[in-house]
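Notes to accompany the following structure.
The values are calculated or read from the model by the stated rules, or taken from the named source; none is laboratory data. None of these values were measured; they are calculated from a predicted model. For neighbour counting, all protein chains shown are included, and Cβ atoms are generated from backbone atoms with ideal geometry for every residue, glycine included. Remember, those area values only see protein heavy atoms, side chains included, never the ligands or the DNA or RNA. Shrake-Rupley method; radii C 1.70, N 1.55, O 1.52, S 1.80 Å.
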Amino acid sequence: MIKAALFDLDGVVFDTEPQYTLFWGNECRRYHPDKPGLEHRIKGQTLVEIYDQCFCGALAGEQPAITQRLNDFEAQMQFDYVAGFESFVHILREQGVKTAVVTSSNKQKMESVYRQHPEFKSIFDAILTSEDFDESKPSPDCYIKGAHRFGVKPEDCIVFEDSFNGLKSGRASGAFVIGLATTNSPESIAPYADVVVKDFHDPILSQYIK
């Protein structure tokens, strides 16, 4: 019996990953032209971790400028729901399943979300951001804390993820993991998910709705 559904944000709730790939692709080419594809390898990490791993040392002084460009970018982003998400989460809540966003995004980014979607907070029973976690994905810390927020075990939860780091995080927590092929191909994420779907219209999700 599913007691809680834990959703990543970008690429799961919102179809924003192409926009972030564009932003981080530009930044990575600017500072790391010798590391093609780096923008894909950092998906699912917090901004702090991205800085610690990719923009540290001699590049540490560039962090304020990158942050400003990111804030400006996010303020102009479009937050469009992934197909079928709104109706799916509504059905879950009608059936008493707790719902939470578990995202590596920070509170400042979420303010941009709330401005575009005033209804957003009412869709979820909890919203956990990077400030709530000690470790970032692929560590299971965030999903373990998401489950504990509702007083349930991760094994009683479904995790919805799209990135490799996120999928690994959900699986390591012990939750049942549904991978959305919104960011990566179904074939590439299949080894890290229990089920792979295109979006929330996928008929297989009916198994998880009474």
- Message: With the structure loaded, tell me whether ASP162 is under 21 Å from TYR208 (Cβ atoms), in contact (Cβ under 8 Å) with a residue 12 or more places away in the chain, open to solvent by 40 Å² or more (accessible area, probe 1.4 Å) and of a type outside the set (Ser, Thr, Tyr) or whether it fails that test.
- Response: no
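Residues are listed down the side, and each one gets a yes or a no for (1) touching a residue at least 24 places away in the same chain (Cβ under 8 Å); (2) exposed (fewer than 13 other Cβ atoms within 10 Å of the Cβ); (3) in a helix (DSSP H, G or I); (4) of a type in the set (S, T, N, Q):
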position	(1), (2), (3), (4)
ALA58	no, yes, yes, no
GLN68	no, yes, yes, yes
PHE73	yes, no, yes, no
ALA83	yes, no, no, no
- Query: ASP134 passes all but one of (1) touching a helix residue (DSSP H, G or I) at 6+ places or on another chain (Cβ under 8 Å); (2) modelled with pLDDT of 95 or more; (3) part of a loop (DSSP other than H, G, I, E, B); which number fails?
  - Reply: (2)
- Message: For region 108-138: of the residues being farther than 30 Å from TYR192 by Cα and among the hydroxyl-bearing types (Ser, Thr, Tyr), which is farthest from the chain's Cα centre (by Cα)?
- Response: SER122
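Just a yes or no: is a residue in region 21-34 closer than 30 Å to ILE91 by Cα and modelled with pLDDT of 95 or more? Steps first, answer last, please.
Filtering region 21-34 for residues closer than 30 Å to ILE91 by Cα gives none.
No, because not a single residue in region 21-34 is closer than 30 Å to ILE91 by Cα and modelled with pLDDT of 95 or more.
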- Query: Which is outside any loop (DSSP other than H, G, I, E, B), under 30 Å from GLY37 (Cα atoms) and β-branched (Val, Ile, Thr), of VAL89, VAL113?
  - Reply: VAL113
- Query: farther than 23 Å from CYS157 by Cα, free of Cβ contacts under 8 Å to residues at least 12 places away in the same chain and open to solvent by 90 Å² or more (accessible area, probe 1.4 Å) - does that describe any residue in region 85-104?
  - Reply: no
- Query: Do you know which residues across region 127-155 are charged (D, E, K, R) and open to solvent by 40 Å² or more (accessible area, probe 1.4 Å)?
  - Reply: GLU131, ASP132, ASP134, GLU135, LYS145, ARG149, LYS153, GLU155
- For LYS121, the lone unmet condition from (1) open to solvent by less than 50 Å² (accessible area, probe 1.4 Å); (2) in a helix (DSSP H, G or I); (3) in contact with a strand residue (DSSP E or B) (Cβ under 8 Å, 6 or more places away or on another chain) is (1)
- Could you check, for region 179-199, whether at least one of its residues is over 22 Å from SER105 (Cβ atoms), among the hydrophobic types (A, V, I, L, M, F, W, C), assigned to a helix (DSSP H, G or I) and open to solvent by less than 10 Å² (accessible area, probe 1.4 Å)? no
- Members of region 165-178 that are among the hydrophobic types (A, V, I, L, M, F, W, C) and either over 19 Å from LEU9 (Cα atoms) or open to solvent by less than 30 Å² (accessible area, probe 1.4 Å) (or both): LEU167, ALA175, VAL177, ILE178
- Does ALA181 satisfy the condition of being among the small types (Gly, Ala, Ser), more than 15 Å from the chain's Cα centre (by Cα) and more than 17 Å from LYS3 (Cβ to Cβ)? no
- Count of residues meeting criterion [over 30 Å from HIS201 (Cα atoms), open to solvent by less than 20 Å² (accessible area, probe 1.4 Å) and assigned to a loop (DSSP other than H, G, I, E, B)] in region 7-55: 1
